Amino acid sequence: MTAADREGGPEREGALEREGAPEREGAPERERNRQREPDRPTERERQHERGIALARAARGGDTLALHQLLDHLTPYIARICDPVARADAPDATQETLLTVFRSLRSLRDPRALYGWVRAVAVREAVRTAQRAARDRPAELAEVPGRGDPQLAADIDDVLARLSPAHRAVLVLRDVEGLDEQTAAALLGVPAGTAKSRLHRARSSFRKAWSA
């Protein structure tokens, strides 16, 4: 071995190590990528996509798909109508399903199905409750926080003391978790009106709870 070889040995070995490092370090990562499976959809996501597929087929004239869609949507609609229409929730649910049956073809984008159905359900729940004259308004300044155990105790009885309009905005904002603009759009009122109703609803809820 020459002096030049000896002098360049460590540097040359270091260079070779640096050149080969990415190849060796990247190999495990590539192996992990090859072994990694795509995330599987959750049950909720599968049901969501099923509804969209049924809506698309029903809009195309598939009668069986339409009936399956109505069955698929019934629990979702009932969950929205129940706290708003209360004892008349079954009527509100049926009115919502009837509207979906009659107006599904007006839904241009099947992927907007659930937002559209929610808007119909809220509207029908409020209208049904008002028509049944079960309005018990209370002009009563905060609702218990979303994690407060009070909400799970006997919320049903307290909601009965609110007007349908107040129940609707309270459910949309504090149960469904919608923002102010979205809730206002679903209720068909200006954002300022929705905000004012929410304030009164929360105040009424708090006072009724403490009564």
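The values are calculated or read from the model by the stated rules, or taken from the named source; none is laboratory data. Remember, predicted model here, so these are calculated numbers, not experimental data. Each accessible area value is taken on the protein alone, full model and side chains, heavy atoms only, with ligands, DNA and RNA left out. Shrake-Rupley method; radii C 1.70, N 1.55, O 1.52, S 1.80 Å.
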Compactness ratio of region 59-101: Cα Rg over 2.2 N^0.38 Å, N = residue count?
-> 1.23
Carbon and sulfur: what percent of region 61-136's accessible surface (1.4 Å probe)?
-> 49 percent
Its Cα gyration tensor gives region 159-207 an equivalent ellipsoid whose semi-axes in whole Å, largest first, are 17, 10, 9
